[in-house]
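> Okay, here's the structure, questions in a sec.
The values are calculated or read from the model by the stated rules, or taken from the named source; none is laboratory data. Only a predicted model underlies this, so the values are computations on that prediction, with no experimental measurement involved. Cβ placement follows ideal geometry from the backbone for every residue including glycine, while neighbour counts extend to all protein chains displayed.
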Amino acid sequence: MYRCLATPLLFTALSVGCMEYDMQRIPEQEEGNWFEDAKDRTPVVEDEDDSPEDDSDNGGDAPGDSDTDAPDPDDDQDRPDEDDSNDDSNDDSDDDSNDDSDDDSDDWDWDWDDDDDSEPDAPGPGESSGTARAPGYGEMVVTELMIDPESVPDRDGEWVEIRNTSAYWVDLSGHRLGDDGVDDVEIESTSTDSLVVRPGGYTVICAVDDYWDNGGVECDGTFRYWTFGGGFAMSNTEDEVMLISPGGYILDGVAWGEDFAVVGAAMGLEASAHTVGDNDALESWCDQWSWLPLGDAGTPSEANDSCW
Ligand SMILES: [Ca+2]
Ligand SMILES: [Ca+2]
Ligand SMILES: [Ca+2]
Ligand SMILES: [Ca+2]
């Protein structure tokens, strides 16, 4: 009988030992280094430590927080055995081969929890605001511009679509729209958390929120339409749009000249050019043809029509 159990027990002990070894070697999460222009990144999110979610989270670190990789004092409070956490890095492989299986499973569980905490959270739509953070440079890309609407006046029908190209939920609260020298105004949310953008998702900032007044566009935020400073407006002939952080950093910008804007159609950025650098090339933009309810064309909050 004992002989029959000996082999499975030995195998289990060895397996747990191997799993323990593997767990130690799980690489740390990569943070936003999939952008080609990461080297140009500027320290945009200087006020991140002041955001309220840093204080309110309970073990669920906001994804991309600068302290994700550092030992978190909160995590230690959750552990029943603090000595265990101190010994992890040096003694696990030796201890595991001698410990009985109960202790092994304890060690294994705690290590697993710790690693799990460093993974990017993937909250559903209802939990997004708790983990959203301010975007960093390169994460928000201007992807579509309704510069010259035809079905409604410009003061009602201009809008800007911006895409979150990062793997994290971001919050544009306190951010601004501006141009090169005249316009600069804070984006207003249209409802609670409406400026929180899911990974890969779009946000649409409009002059007017009303669906029937703005040409049939659902808006996540609004800007004060004004053409002489203290607001934001897009000239049909030559202008710029800039997304500006609360600290004054330009997160993205696009400039255009004559013959860019099309009357009655939004200009959309080709899918292959969704970076803050690539969207500067106006050849990567084209007028959209999907119809909006009041007759103009555009794809607000949706993937752009392709350019060919
Ligand atoms: Ca205009
Ligand atoms: Ca302007
Ligand atoms: Ca740009
Ligand atoms: Ca679009």
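> Could you please find all residues in segment 259-273 being within 16 Å of ligand 3 (Cβ to nearest atom), of a type outside the set (D, E, K, R) and not in a strand (DSSP E or B)?
PHE260, ALA271, SER272, ALA273
> I'd like to check something: does segment 147-157 contain any residue that is touching a residue at least 12 places away in the same chain (Cβ under 8 Å) and under 17 Å from the mean Cα position of the chain (by Cα)?
no
One line per residue, one yes/no per condition, for (1) buried (at least 22 other Cβ atoms within 10 Å of the Cβ); (2) away from ligand 1 (no atom under 16 Å from the Cβ):
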site	(1), (2)
THR131	yes, yes
MET140	yes, yes
THR143	yes, yes
SER151	no, no
ASP156	no, no
VAL160	yes, no
GLY174	no, yes
ASP179	no, no
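> While we're looking at this one, here's another question. Out of VAL217, VAL254, VAL208, VAL276, report the one residue that is within 16 Å of ligand 2 (Cβ to nearest atom), touching a helix residue (DSSP H, G or I) at 6+ places or on another chain (Cβ under 9 Å) and either at pLDDT 95 or above or part of a loop (DSSP other than H, G, I, E, B) (or both).
VAL254
A quick yes/no check of all residues on (1) more than 16 Å from ligand 1 (Cβ to nearest atom); (2) β-branched (Val, Ile, Thr); (3) surrounded by 15 or more Cβ atoms within 10 Å (Cβ to Cβ):
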{"site": "GLY230", "(1), (2), (3)": "yes, no, no"}
{"site": "ALA233", "(1), (2), (3)": "no, no, yes"}
{"site": "GLU238", "(1), (2), (3)": "no, no, no"}
{"site": "LEU243", "(1), (2), (3)": "yes, no, yes"}
{"site": "VAL254", "(1), (2), (3)": "no, yes, yes"}
{"site": "ALA265", "(1), (2), (3)": "no, no, yes"}
{"site": "CYS286", "(1), (2), (3)": "yes, no, yes"}
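> Working carefully through the options GLY215, GLY181, find the one that is out of contact with any Cys (no Cβ under 8 Å at 6 or more places or on another chain) and free of Cβ contacts under 8 Å to residues at least 24 places away in the same chain.
GLY181
> I need the full set of residues from segment 220-230 which are β-branched (Val, Ile, Thr) and in a loop (DSSP other than H, G, I, E, B), in order please.
Correct list: THR227 only.
> Condition check: more than 11 Å from ligand 3 (Cβ to nearest atom), surrounded by fewer than 20 Cβ atoms within 10 Å (Cβ to Cβ) and either in contact (Cβ under 8 Å) with a residue 24 or more places away in the chain or not in a loop (DSSP other than H, G, I, E, B) (or both). Does GLY295 satisfy that?
So GLY295 passes the test.
> Just name the residue that is surrounded by the most Cβ atoms within 10 Å (Cβ to Cβ) out of those in segment 273-284 that are more than 18 Å from ASP259 (Cα to Cα) and touching a residue at least 40 places away in the same chain (Cβ under 8 Å).
Among those that are more than 18 Å from ASP259 (Cα to Cα) and touching a residue at least 40 places away in the same chain (Cβ under 8 Å), it is VAL276.
> Regarding ASP305, is this residue outside the structural domain of ILE187 (by TED's automatic domain parsing) and not hydroxyl-bearing (Ser, Thr, Tyr)?
The answer is yes for ASP305.
> So, one more: Looking only at segment 222-266, count how many residues are free of Cβ contacts under 8 Å to residues at least 24 places away in the same chain and either acidic (Asp, Glu) or touching a Cys at 6+ places or on another chain (Cβ under 7 Å) (or both).
3
> Of all residues in segment 220-243 being touching a Leu at 6+ places or on another chain (Cβ under 6 Å) and under 23 Å from VAL262 (Cβ atoms), which is farthest from ligand 3 (Cβ to nearest atom)?
Within segment 220-243, the match that is farthest from ligand 3 (Cβ to nearest atom) is PHE223.
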